[in-house]
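*Asks:* My structure is below; once you've seen it, I'll send some questions.
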Amino acid sequence: MHFDVITLFPDMVLQAAKYGVTGKAISRGLVGLSVWNPRDYTLDKHRTVDDRPYGGGPGMVMKYQPLFDAVSAAQQTRHEPRCKIVCLSPQGTLINQALLTDVSDYEQLILVAGRYEGIDERFIASVCDEEWSLGDYVISGGELGALVVIDAITRLQAGVLGDEDSAKQDSHSDGLLDYPHFTRPEQLSVGKVPAVLLQGDHAQIKRWRLKQSLGRTWLRRPDMLEKKTLNTEQEKLLKEFKIEVDVK
Ligand code: 4HQ
């Protein structure tokens, strides 16, 4: 997967992507990352990327031409057949693990990170394939959205995570929240490690973890559980969990 980010703040994206899993994946050549600054594609001496909104109102709007030429430059360096152009905005489809898994086998993802009040709608309508949103809140620019997408998709690429901590084990990958984690020491003043995790019975541990995942999803994210059909074992474990937390 090669990521191209169209951004007025290329260093923000490059710096943030250097850390952790994404940084290692880039240095190992498992994913690629390039940044394209629309300001470099302006044609006037002031290098203008924004202008006042037609109809009035506050703030500025990103102009079509510098964005179009930046995207064209990103497309021309590589002519990948499986390429998607995505704009980050609060008007987009909510990003979830299933959406990101769907595009994880694309060869190129061009992420357009807007600033100011937004982007000229004609660019979104005619150049972008999709509009994606991080969530129902407003942030100051699309860069953090692009970084979220890059991080989550990088984790899904072959060879990025070790077999041990495979993306298949990530919370959300099976539509459930993660189970609770514990490490040493066994006893703390605020509580002890559940006994089942200390006994080394791996079938029991697996069962306990699945029960916790089901129970926490039921308590915290009933919307996720409604979208899922539980098998007989999962139904049984959730029933046990409800009895154990004493709410039936
Ligand atoms: N933006 N998810 C960029 C967002 C946003 C979101 C606001 C994107 C400002 C110019 N991006 N515009 N929510 O709030 O992705």
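*Asks:* What are the lysines whose alpha-carbon lies under 16 Å from the alpha-carbon of K45, with same-chain residues fewer than 8 places away excluded?
*Replies:* K63
*Asks:* Which of the pairs K192/K227; K84/K168; K18/K228; K18/K211 have their Cα atoms more than 29 Å apart in this structure?
*Replies:* Checking Cα-Cα distances, K192/K227; K18/K228; K18/K211 exceed 29 Å.
*Asks:* While we're here: Counting other beta carbons within 10 Å of each Cβ, put L176, L100, L88 in order, fewest first.
*Replies:* L100, L176, L88
*Asks:* If each residue of separation counts as 0.36 nm, what is the full-extension length gain between Q76 and L14 once their alpha-carbon separation is subtracted?
*Replies:* 20.3 nm
*Asks:* I would also like to ask the following. How many percent of the alpha carbon pairs in the range 108-248 exceed a separation of 25 Å?
*Replies:* Counting pairs separated by more than 25 Å, the tail of P(r) holds 51 percent.
*Asks:* Note down the Stokes-Einstein diffusion coefficient of the chain in µm²/s, whole number, using a Kirkwood radius over alpha carbon pairs, 10 °C, and 1.306 mPa s.
*Replies:* In µm²/s, the coefficient is 76.
*Asks:* By how many nm would the segment from E186 to D129 grow when fully extended, if each residue of separation counts as 0.36 nm and the alpha-carbon distance is taken off?
*Replies:* Full extension of this stretch gives 15.4 nm more.
*Asks:* When F9, F123, F182 are ordered from fewest to most other Cβ atoms inside 10 Å of their Cβ, what list results?
*Replies:* F182, F9, F123
*Asks:* By the 4.7 Å beta carbon criterion, which cysteine residues of the chain come out unpaired?
*Replies:* For the chain, the answer is C83, because their Cβ atoms have no other cysteine Cβ under 4.7 Å.
*Asks:* Could you grab the relative contact order for the range 1-97? Cα pairs under 8 Å, six or more apart, rounded to a whole percent.
*Replies:* 24
*Asks:* For the pair D136 and N231, what calculated FRET efficiency results from E = 1/(1 + (r/R0)^6), where r is the Cβ-Cβ distance and R0 = 25 Å, to the nearest 0.05?
*Replies:* My answer for the efficiency is 0.20.
*Asks:* Need the full-extension length gain, K84 to Q204, defined as separation in residues times 0.36 nm minus the C-alpha distance. One decimal, nm.
*Replies:* 38.8 nm
*Asks:* I need T22, T232, T42 ordered by Cβ neighbour count within 10 Å, fewest first.
*Replies:* The order, fewest Cβ neighbours first, is T232, T42, T22.
*Asks:* Report the relative contact order of the chain, percent, no decimals, based on alpha-carbon pairs under 8 angstrom and at least 6 residues apart.
*Replies:* Value for the chain: 19 percent.
*Asks:* If I model a spin label at Q91 and T48 as a point 7 Å from the Cα along the Cα→Cβ vector, what separation in nanometres do I get?
*Replies:* So the label points at Q91 and T48 sit 2.3 nm apart.
Bear in mind these aren't lab numbers, they're just calculated from the coordinates by the rules spelled out. Since the model is a prediction, treat every value here as computed from it, not as a measurement. We place every Cβ from the backbone using ideal geometry, glycine too, and count neighbours over all the protein chains shown.
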